[in-house]
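The structure under discussion appears below in the form of structure tokens.
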Amino acid sequence: MANASLHGLCPEPFYQESLFPSSGGFIEGRYCETIPMEHGHLSCCLPCPLAEWTYDDKLLSQTKVASWLGVAVLPLCIFLLVSYAVLPVKYTHRHYLSICFTLGICFMEVAFIIPLGIKPEQCHNAITPNDMYTDVSCAFTGALLLFGGWVVVVWSFIRTVAFHLQVCWEVIIGKKFMWGAFVCGWGIPILCLTLMLIYTGVSYRFGTVCHINIKHSTQDYWAPIMAFAAAALVLQLATIGYCIHVYIRSLFDSSDSTTNSSGLPSYTSSVRTMTARQAYRRIRRVLQLQWRGIGLVLIIIANVIFFAVVFIDMNNELELTPANMKKAIPWLACLIEAKGDKNLCLDKADAIRPNKATLLAVLILLSLVGFWNFILFARPSMFAGWIDLFKNGFGGRGNNIRRHEFVSADARNRLPDTRTYEMLTSSGISKTPEPVVRSPSPARTAGTLSPVGGRHYGREARYVRPSMSFSGPRPPGSSQGQGREWDPQATFARGQSPEYHYR
């Protein structure tokens, strides 16, 4: 605490602002009130930190709960990242959307952990809080927290867009979308963080983690991040509404033939003209693959909306406006009468501060984002993969298929399966010693598409020879009676010589 002489002409517990330097620390973070005097005006300031005067003595220790939760949650996020990097994809089902999202959470968790080791000083002097220019810990914790929040929200929006395109528009999410996601998912947070640190900055407002300042925070942080969250929410609800619409239509759809057991559209139809039941089966498959991402996005959006409402309300109440100072007069007068005993005036402080339970809930929910990420994306197969890795050693990863890893699951399913194509030459079937690929069953060709003119118009209808049929598919370019020899095996006819039975 400052020397008692710094009170000057101000009543206890206030300090006279003119007795302190006008630079150093976050000057705008001082909580001062101008008092009219006989020979002018006198500015009296409440001691720093302000949160210690508006809340009870337990606040600082209770805010550390969020930091210790970060200590517990960060290893879970690291486990996911190491699993993505080390284990084969068949165990982790890794995807760049999940990897980048987890990295953003790690930034936030580190911001809560740093103060536990550094134990920073919140105040530059008796009435001035430290900011990012006067305290290194403040600069790192504030930047990491804001950057991590931006990364999580932007990648939530990107995941929602990907889900919407796959379900509603049947768009294959490929490499173009991936590189665009990387540019937006990391470029937007970097740009916004730069603007926030330049025009707004961070300082100690409550607890040992720095938060964004009041001035311009709504314009350069809360409004943009709420816009992304609101857009993601609307898009997610629209996609879910479309799924419900398709499901209800499938209940009343009677056009699905019982003979079409594979649920595929006809040979002449397009994927876009499939029946309601077929569309529902396709959407159900996407939901089975992405329900974890959907759940996590909804959790993030709910948290962001809650955080924004609490912080914007707190900014509005703590901003030094004439209306707020008028509401604070009973509390300030109580502090003067009690000679600085804040416990006697806590009930009157409710008019200028957010509820303590709400404030702690914000900090705890922020640190628990990584926990929900682990619960939804830590598949049981990951643990089986680690067990298998330790049993078989850390070598032998050559068989790990990494091709098309960053392409969506439905896009991989649409890639042509070359095993189902017969090798044809200009004169007929190839005579190469390669293993002969027999006419596959419909179950084996359910995931392939028929390329027509370089485009895919529908699923390929493979010919299956009936048991009593005496005909077969003809290779391109062949015609009846032109150099074609009769093969009794091709028609299941009895040959004239026993040698035909062994060809």
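A few points about this structure:
- Cut-off 13 Å between beta-carbons: net charge of the residues surrounding residue 43, Lys and Arg +1, Asp and Glu -1: -1
- For residue 128, net neighbour charge (Lys/Arg +1, Asp/Glu -1) across residues whose Cβ lies under 14 Å away: -3
- Modelled spin labels at residue 231 and residue 346, positioned 7 Å past Cα toward Cβ, are 4.4 nm from each other.
- Positive minus negative residues near residue 6 (Lys, Arg vs Asp, Glu; Cβ under 15 Å): -1
- Per-peptide average of other Cβ atoms within 10 Å, ordering 216-222, 294-300, 104-110 highest first: 104-110, 294-300, 216-222
- Gain on full stretching of the segment that runs from residue 184 to residue 133 - 0.36 nm per residue minus C-alpha separation: 15.5 nm
- With both labels modelled 7 Å from their Cα along Cα-to-Cβ, the residue 390 to residue 86 distance reads 1.0 nm.
- Candidate lysines for bridging to residue 215, where Cα separation is under 29 Å - those fewer than 8 sequence places away on the same chain excluded: 58, 64, 119, 326, 327, 342, 348, 356
- Within straight-line reach of residue 90, meaning a Cα separation under 19 Å, sit the following lysines at least 8 residues removed in sequence or on another chain: 391.
A short reminder: the numbers here are calculations on the coordinates, not readings from a lab. Bear in mind the structure is a predicted one, so any value in this text is a computation, not a measurement. Methodologically, a virtual Cβ is constructed for each residue, glycine included, from the backbone with ideal geometry; neighbour enumeration extends over all protein chains shown.
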